[in-house]
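Q: This is the structure, below, for whatever I ask next.
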Amino acid sequence: MHTSGTSAEIRTAAKVCVQDVTGEVRRALAADGMRQGIAVISVPHTTCGLCVNEAETGLLEDLTRLAARLVEPVAPRNGFAHDRIDSNARAHLFAALMGGSVVVPVSEGALRLGTWQSILLVEADGPRLRRLEMTFLGE
């Protein structure tokens, strides 16, 4: 059984944004050399998430707009308890709903994503330097 891990730094560009990180994962997988198994991709942060979806320009814009609506500030009287600490409770809640990891099958040394699928990092409290953790399990 082959097990290895690596990471990549991702600098997000805005308070709320979506970035395609598929290329980073593909480069890491190629460097690793694993041929068959799974790739586990995660972010060790509580105000951003990962998903697998289409990286089409309009959809990326739609996803960014949806995330921005979900994390926009609310009036103090309507805020969340965590906002008393640093006013980003909505970013934490969004990330909890989004999820912080994805698992992608690997076959013949390639990510087995669908024709239109990409791995997307969705930032909800940027701009920040984020870490993308990748673990490869297989042979």
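We did not get these values from a lab; they are worked out from the coordinates using the rules stated. These figures come from a predicted structure and were not determined experimentally. No Cβ is skipped: glycine too gets one built from the backbone with ideal geometry, and neighbour counts run over all protein chains shown.
Q: For labels at Arg65 and Glu9 in the simple 7 Å Cα→Cβ model, what's the distance in nm?
A: 3.4
Q: For a paramagnetic label modelled at 7 Å from the Cα of Asp83 toward its Cβ, which residues of the stretch 50-73 fall within the zone defined by backbone nitrogen distances under 17 Å?
A: What the label zone holds, given the 17 Å backbone N cut-off, is 68-73.
Q: So what's the back-of-envelope 222 nm ellipticity for the chain, counting only DSSP H runs of four-plus at -39500 (n - 2.57) apiece and dividing by all residues, rounded to 500?
A: -8500 deg cm²/dmol
Q: In the calculated pair distance distribution of the stretch 2-131, what percentage of Cα-Cα distances lie above 18 Å?
A: 55
Q: Let me ask you something else. Mind checking the angle between helix 22-32 and the chain's longest principal axis? C-alpha axes, 0 to 90 degrees, to the nearest 10.
A: Here the helix axis deviates by roughly 40 degrees.
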